[in-house]
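Written below as structure tokens is the structure these notes are about.
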Amino acid sequence: MAIRARRLLVAAMWLAGVSALVAIVLYRLGAQQVAVVELSVGAGLVTVLFVFAISIAGEEGLSEREFIPNELAIGLLVVFGGLLAVMDLPMDELGVSLSEAEFASIFWEDRELDVLLQLVFIFTGVVTMLGVLADVRKPSRIKKRSDIPQAHINPAFGTDKHVPQPVLQPVAPSETQPESSKETPA
Amino acid sequence: MSTLTILAGGALALFAVGLYGLLITRNMIKVVVALQILVKAALLALVVAGKASDQINLGQSLAMTVIVADTVVAVIGLALAVQVKRVLGTMDLTELSKLRG
Amino acid sequence: MDEMSAFTWMITLPLLASPVVYLAGRISRRRNWDVGMISHWLAFWALAATWIPFALAASDLDKNGPDTFQVGQIALRLDDIGLLLAGLSLGLGTLVVLYSGPYISPDHGREKYHSLLVAMVGVMMGLGCAHDLFNLWVWFEAMAISSFLLVAFYHEQAASLEAGVKYVVQSAVGSALVLMGIALVLAQTGTLDLDKIRLAADDSNMLLAAGALFVIGFGVKTAMVPMHTWLPDAHSQAPSGISAMLSGVVIEAGLIALLRSLSALAGVTPTWGELLMAFGVLNMTVGNLMALRQTQVKRLLAYSSLSHVGYMLLGLGIALYAQDASGAQGSFFHMLNHGLMKGLAFLAAGAFLYALHVASGDHSPLLISDLSGAAKSYPMMALGLSLAVLSLGGLPPFAGFMSKWQIFAAGFETHNGWIQALVIFAALNSVLSLAYYAPLVNTLYRQSASPLVQHGHPLSIWICIPVMILTASVIAVGIWPGLFNWLSDPAGSALLAAFGLGG
Amino acid sequence: MDWLIILTIGIPWLGAGLIWLLEERQSRLQHTLAVVFALAAGVAALAMLPSTTEQVELRIKIGSVFGDFTFVPDGLGVFLAVVATVVGSLAVIFSVDYMHGEAQLGRYYSLVLLFIGAMAGLVLADSLLLLFIFWEITALCSYSLISFYNDDPKAVEGGIKALIITQLGGIGLLVGALVIYAYQGDYQISRFLNEPEVLPTNMLSVMAFGCLIAAAAKSAQVPFHTWLPGAMEAPSPISALIHAATMVNAGVYLLARFYPAFEEVDGWTTAVISVGLLSAFLAALMALFATDLKRALAYSTISQLGYMVYAVGTGAIFASQFHLLSHAVFKALLFLSAGAVIHSVGTRDMRQMGGLGKQMPFMRAVFIVGALALAGLPFFNGFWSKELILEDGLHEGPVWAYVGMLAGAGITALYTFRMVWLVFYGERRGSGHIHEAGRLMKLSTGLLAAGTLTTWLLIGVFGEMLENTLIYHHLHVESAPTLLEEIITAPATLLALSVVAAGLLGWWFRAPLAGIAASFKPVGQAATSDFGFEWINRRVTDWTNAGANALRTTQTGSLNWNVFGIIGGLIVVLVILALGA
């Protein structure tokens, strides 16, 4: 449903539902800690992000005329699911019995490297996000930094018809982006 | 059929739903939604696998890392979507299939 | 945690440097300092400094064998394959950072670019050392995340965004597939350490499925056909330095990740070798045919990467099939050479792109016809690009010929008729590839200069130096093929050992 | 000795590097340096002549799968190295006048010198891998020089065609080298010739036919000959040096070199004879109907190379190499003097020429010397070597092939006289001012003309050299007087001479014979359309391009389809593994 929902917000809500569902399953499995995180991050944070993004980008009703015929897609997936399932089923027979350590010790000690690498994820991720979103003010910055006359800039950027014209005007920091304060030249 | 088998099947089904979404959707935001579902399925599978080998906490630890990575990718995906909207004025993937051949 | 040893410093240094580069760039921008090359030079010196632990680690490896660094349950181990990848990414990375200084305009978030580039180099070196299946995935994902922005760097350009979106989505799908595979392995064997998995692995269907998921999941990054579709877009739209990194190192890193994961599943089925060979042939054919009719230089080079991955896969497949290290040695040699040649090709093509388009604020793609007569104004770049493509086409006395030869020789040594037929087919492909490389050279050396060339911008010395270094090395390796044996030969043997074959 | 080898290859390569570095405006220096380096290489090669040996004289250890790079300066190798460097020097001297004032001289001379060094290396190499490497370098130089005028699409097309076709053939040699490596453990040719039994029979025949394909492609033999006419877009000195005197001989050289190992392979000698016969005969016909002066000469080259290949097939190694020597000299002469004519007239179309003899008496004289040698008239060097081939063919080869070759000789005479007549006699059909060639052009063609008149005197020395150093070929060559006497008195010679005379008379009485000529019109049409080989080439190119275009539609650019590709790949791999395990 999350996929077929026509409105983006509804889709995002469905995703939150899925996350919550997964979290419940995880909890039942005995993975309490991760369940909590999944609930808060997956169902909470990510949904907020989605809502945020949708509110920036705006709702967009696309006619759902698919590229790929529906039947083909479904058929492919049935085949795929079937194959994996057939290879998968004898799952219960195994059971390596280990007395296991606490989650905290495994997470923070045994898999310390993974945790350290999460820092890399977060750092690079943030930089990437900033990078993707930040530059729309770039043309205005050029104008401020160097006193190139308008006439010289416009031809250069005018060749690119995708850049919306208003952007070329010096803009006030937009309220929609929390990181914008960082970007504004002092 | 034990619970674990059913759960594994569930993870697979969720995975399939995610892939299905990627196959049919034309909206950038929904692409990110589908990716999220895909990773959720993998996450579930990891924990189930941990459970199956009696190392639920190991599974949890892995899942934790996956959640972080997954969230970061989601953020990047959404940022890209927003940027696409800004530049192209739409989030339709048909507008994003100009590079071909 | 063990003592930090040379090779962990080698990995840590760039990762630590990355935020510093970013912050330094930010601050200098905030203060309106000379829009400075601060981040650029910091990045360069960070990578240059990394050569010291690299050299120490290499000599240590040579003397004492693989060094293990245990963090909790996770082991990092520098073996010869890891060293190869480290050398490749560090080498190309250093040159690309040098090159990118003038290439990336200061208004374009230079500090982000350099910071991510440095992080990516560090992550790739780590990837080569990962010895835990899940940890491998984590490094892999980190590599992907650090490269996303780099690909979509010109984000005000529709084409660049499109490439970025495709790259992000397909990478994410690939890594989700890998995760599923890891889940299967964990469920079946109960461990994540590569060696332990190999000992525990039997020929169950689940592990087989896991292997398939690894092949496809990592195959997306390795650009194996039919998972290659992101590659031409990403390679042609990214800034040229990044194209060089993507083609010269990232693809190879994906391949090494694939090999690592498969090595754990070596005992599951004997068909891995044949599978890799099949993909190799497919990649070659599709890559060459697709490249044949391209009109954009960077897109042409991107497709040629496909075919070169094919050669590597062929060699690796031969090695696994025949249980003989020489094919793998050839492949690793080709991997290094491909890094040099494709690095050179993309950097030189990028220099043209910069001089003819980017420097005047124009982001339209570089067409082959734009290069008409470019040799007169840019003799160094023209020579570099010509040698790179001729070498890619497998003409002696350049590097590409030697490594292809090593792969072919390994194929014939098997004394197996089918493999020999495959080798001949690969040679035919090599000839076919000349049909699109050669016209490029002809265009460069025309007399009549295209209007773009007549109004081209001059090139900075920092763009020229990396190109010159790479040109010289492509010739040097071609004349003295033993130059990289110390890297590629042990790596080939290590691969076989990792698969539990030969030794 | 080892120093001489290094010098012969190294001097021109050093020169190539130096000249590349010079700036465009230093053209005088470029000319001078090129001549100096080429001559120095020639001297080094000549200095090797007295001390030919069958021993390995230079060994460079490379290791790994590349083995040792070894050189053996035996008679065959040194002789061809001398041809390459000496003709090379003359071509470079000729170029000083011919290329005067051209742009990109640095590239031109660098590539020529690179080629000269590579050619010398090719024939001196004893490691088959090394031979292959030089083989490919010559192809690279040939390609770049054919398309030297990169602005001319025809030149580019010709260059790429030559590159692709010779590379395709090169795969045959590649297979050969790989086979040797796989079974012998190194690439040493001499070791292999000593003991070809290390290869299993089927592999030996794979290698033998692989080498035949490589040789046919390199020496422009049917069905791979189509690149040579296209290669005539190159500057004339290049046509003379690479596409007449040296590189195209590499194929014949290869066959001759491996003859002792391959002669026992089933069907190999027959195949070689057939290739030679077809090339000699068909190309002669094509030359007869060609209207482009350089193309006519190119077809004639194919035809003459056919004679050499045929000779190898019949086991007449000495005759084949002797003809190679004669041909290198007189064909280089023909090409260079044709180049001088073209340079002066400004067209290559023989229908636009005519009556040029009056303005260019010197060029007419030397061209006629070359033409008479080509036609095989007595006492020019072409006469002796061709008669030697035909005589050996009569004794050793099958009769059908001999008849064909004999007919080819007649046609050769016919087209040669046609060519001379169209260019130098009759009425001037074109317009424009004609001037006699430059001094250096005269010098180099004059030297070659002198060679054409005299190289046959070397027959004895040459035979002795080959006999002493080609130990695996078990050659037995008579002394010079015996040989010459034998050639003159053999009935085969009379037969051949009368056929040549018939060809000559055919041209002389072409007016009365017009009726008969008309009945050959279909042949003419077939010949001008290259007997359909060109058509095959075009089809193959078209199909490949069509396939490539069709494949491009798979890159839809749509993300959905891209994901579809990933899933599809996964399914295929799963199926393969499920079935395979």
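The values are calculated or read from the model by the stated rules, or taken from the named source; none is laboratory data. Predicted, not measured: the structure shown is a model, and the values here were computed from it. Using ideal geometry, Cβ is built from the backbone for each residue, glycine included, and neighbour counts are taken over all protein chains shown. Heads up: the accessible areas ignore ligands, DNA and RNA and are worked out on the full protein's heavy atoms, side chains in. Shrake-Rupley method; radii C 1.70, N 1.55, O 1.52, S 1.80 Å.
Taking the residues in the range A:16-60 that are among the polar types (S, T, N, Q) and under 20 Å from the mean Cα position of the chain (by Cα) as candidates, determine which candidate is nearest to the other protein chains (Cβ to nearest Cβ). Break it down into steps so the answer makes sense when it comes.
Here is the first cut: in the range A:16-60, the residues among the polar types (S, T, N, Q) are A:19, A:32-33, A:40, A:47, A:55.
Filter once more, so that each one left must be under 20 Å from the mean Cα position of the chain (by Cα): A:19, A:40, A:47, A:55.
Values: A:SER19: 6, A:SER40: 10, A:THR47: 10, A:SER55: 10 Å.
Top of the filtered list is A:SER19.
Can you confirm whether B:ILE56 is under 18 Å from the mean Cα position of the chain (by Cα) and away from chain D (no Cβ under 11 Å)?
Taking the combined requirement at face value, the residue does not satisfy it.
Any residue at all in the range C:142-149 that is away from chain B (no Cβ under 11 Å), buried (at least 24 other Cβ atoms within 10 Å of the Cβ) and more than 30 Å from B:ALA79 (Cβ to Cβ)?
no
Hey, any hits in the range D:428-443 for a residue that's open to solvent by less than 10 Å² (accessible area, probe 1.4 Å) and in contact (Cβ under 8 Å) with a residue 40 or more places away in the chain?
yes
The rows are residues; the columns are (1) under 25 Å from the mean Cα position of the chain (by Cα); (2) in a helix (DSSP H, G or I).
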residue: D:TYR181; (1), (2): no, yes
residue: D:VAL206; (1), (2): yes, yes
residue: D:LEU212; (1), (2): yes, yes
residue: D:ALA216; (1), (2): yes, yes
residue: D:ALA220; (1), (2): yes, no
residue: D:GLY230; (1), (2): yes, yes
residue: D:ALA240; (1), (2): yes, yes
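Would you point out which residue out of D:ASN194, D:ASN202 is of a type in the set (S, T, N, Q) and without any contact (Cβ under 8 Å) to a residue 12 or more places away in the chain?
None of the other options fit; the residue is D:ASN202.
Got at least one residue in the range D:436-447 being in the same structural domain as D:LEU483 (by TED's automatic domain parsing) and under 25 Å from D:TYR307 (Cβ atoms)?
Checked the range D:436-447: at least one residue is in the same structural domain as D:LEU483 (by TED's automatic domain parsing) and under 25 Å from D:TYR307 (Cβ atoms).
Quick one: which residue in B:ARG26, B:ARG86, B:ARG100 is charged (D, E, K, R), away from chain D (no Cβ under 12 Å) and at negative phi?
B:ARG86
Out of D:ILE242, D:ILE213, which single residue is among the hydrophobic types (A, V, I, L, M, F, W, C), open to solvent by 10 Å² or more (accessible area, probe 1.4 Å) and touching a helix residue (DSSP H, G or I) at 6+ places or on another chain (Cβ under 8 Å)? Spell out how you get there, then give the answer.
Values: D:ILE242 fails: open to solvent by 10 Å² or more (accessible area, probe 1.4 Å).
The match here is D:ILE213.
When you scan the range C:1-106 for helices (runs of 4 or more DSSP H) that lie fully inside it, which ones turn up with 3 or more residues that are surrounded by fewer than 17 Cβ atoms within 10 Å (Cβ to Cβ) and either of a type in the set (A, V, I, L, M) or not assigned by TED's automatic domain parsing to the domain that holds C:PHE346 (or both)? Even if it seems obvious, please write down each step before you answer.
Values: elements: C:6-30, C:38-64, C:80-103.
Per the criteria, C:6-30, C:38-64.
When you scan the range C:229-246, do you find a residue that is in a loop (DSSP other than H, G, I, E, B), touching a residue at least 60 places away in the same chain (Cβ under 8 Å), farther than 29 Å from B:ALA42 by Cα and not assigned by TED's automatic domain parsing to the domain that holds C:TYR354, even just one?
Yes, the range C:229-246 has at least one match.
Take the residues in the range D:291-309 that are out of contact with any Lys or Arg (no Cβ under 7 Å at 6 or more places or on another chain) and open to solvent by 10 Å² or more (accessible area, probe 1.4 Å), then tell me which one is nearest to D:GLN321 (Cα to Cα).
Among them, the one singled out is D:TYR299.
Name the pairs: first residue in the range D:466-484 and of a type in the set (S, T, N, Q), second residue open to solvent by 40 Å² or more (accessible area, probe 1.4 Å) and assigned to a loop (DSSP other than H, G, I, E, B), Cβ to Cβ under 9 Å, at least 6 apart or on different chains?
Cβ pairs passing all conditions: D:ASN468/D:GLU54; D:THR469/D:GLU54.
For D:ALA103, are the conditions met, namely being open to solvent by 10 Å² or more (accessible area, probe 1.4 Å), in contact (Cβ under 8 Å) with a residue 40 or more places away in the chain and not in a strand (DSSP E or B)?
Yes; evaluated as a whole, the condition is true for this residue.
Does C:THR269 qualify as being facing chain D (nearest Cβ under 8 Å) and either surrounded by fewer than 22 Cβ atoms within 10 Å (Cβ to Cβ) or at positive phi (or both)?
yes
Table: residues versus (1) outside any helix (DSSP H, G or I); (2) at pLDDT 90 or above.
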position	(1), (2)
D:THR412	no, yes
D:SER431	yes, no
D:LEU440	no, yes
D:LEU443	no, yes
D:LEU448	no, yes
D:GLY451	no, yes
D:ASN468	no, no
D:TYR472	yes, no
D:VAL499	no, no
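Scan the range D:90-100 and give yes if some residue there is in a helix (DSSP H, G or I) and under 18 Å from D:LEU7 (Cβ atoms), otherwise no.
Yes, the range D:90-100 contains a residue that is in a helix (DSSP H, G or I) and under 18 Å from D:LEU7 (Cβ atoms).
Given the criterion under 22 Å from B:LEU23 (Cβ atoms), among the polar types (S, T, N, Q) and modelled with pLDDT of 80 or more, identify the matching residue among A:SER19, A:SER55, A:SER40. Break it down into steps so the answer makes sense when it comes.
Details: A:SER55 fails: under 22 Å from B:LEU23 (Cβ atoms); A:SER40 fails: under 22 Å from B:LEU23 (Cβ atoms).
Matching residue, one of A:SER19, A:SER55, A:SER40: A:SER19.
Across the range C:321-356, what is the total count of residues that are within 11 Å of another protein chain (Cβ to nearest Cβ) and open to solvent by 10 Å² or more (accessible area, probe 1.4 Å)?
Keep residues of the range C:321-356 that are within 11 Å of another protein chain (Cβ to nearest Cβ), which gives C:326-327, C:329-330, C:333.
Remaining after also requiring open to solvent by 10 Å² or more (accessible area, probe 1.4 Å): C:326, C:329.
Residues that pass the stated criteria total 2.
Any idea which residue in the range C:272-306 is most open to solvent (accessible area, probe 1.4 Å), counting only those that are polar (S, T, N, Q) and touching a strand residue (DSSP E or B) at 6+ places or on another chain (Cβ under 9 Å)?
C:THR295
Answer yes or no as to whether C:GLU162 is closer than 30 Å to B:THR90 by Cβ and among the acidic types (Asp, Glu).
Working: closer than 30 Å to B:THR90 by Cβ: yes; among the acidic types (Asp, Glu): yes.
Criteria met by C:GLU162.
Would it be correct to say that B:ALA63 is open to solvent by 10 Å² or more (accessible area, probe 1.4 Å) and either touching a residue at least 24 places away in the same chain (Cβ under 8 Å) or within 7 Å of chain A (Cβ to nearest Cβ) (or both)?
no
How many residues are of a type in the set (A, V, I, L, M, F, W, C), away from chain D (no Cβ under 13 Å) and either within 20 Å of the chain's Cα centre (by Cα) or farther than 17 Å from C:GLY330 by Cβ (or both) if we restrict to the range C:473-496?
Matching residues across the range C:473-496 total 5.
Among the residues that make up the range D:317-337, is at least one of them charged (D, E, K, R), over 16 Å from D:GLY370 (Cβ atoms) and assigned to a helix (DSSP H, G or I)?
No, the range D:317-337 has no match at all.
Quick one: C:ILE318 ticks every box in (1) in contact (Cβ under 8 Å) with a residue 60 or more places away in the chain; (2) assigned to a helix (DSSP H, G or I); (3) open to solvent by 10 Å² or more (accessible area, probe 1.4 Å) bar one, so which box is it?
Result: C:ILE318 fails condition (3) only.
Please tell me if D:TYR149 is part of a helix (DSSP H, G or I) and of a type in the set (Ser, Thr, Tyr).
no
Which condition number in (1) in contact with a Ser or Thr (Cβ under 7 Å, 6 or more places away or on another chain); (2) crowded, with 24+ Cβ neighbours inside 10 Å is the one that D:ARG351 fails?
(2)
Tally the residues that are touching a residue at least 24 places away in the same chain (Cβ under 8 Å) and open to solvent by 10 Å² or more (accessible area, probe 1.4 Å), restricting the search to the range C:156-170.
Result for the range C:156-170: 2.
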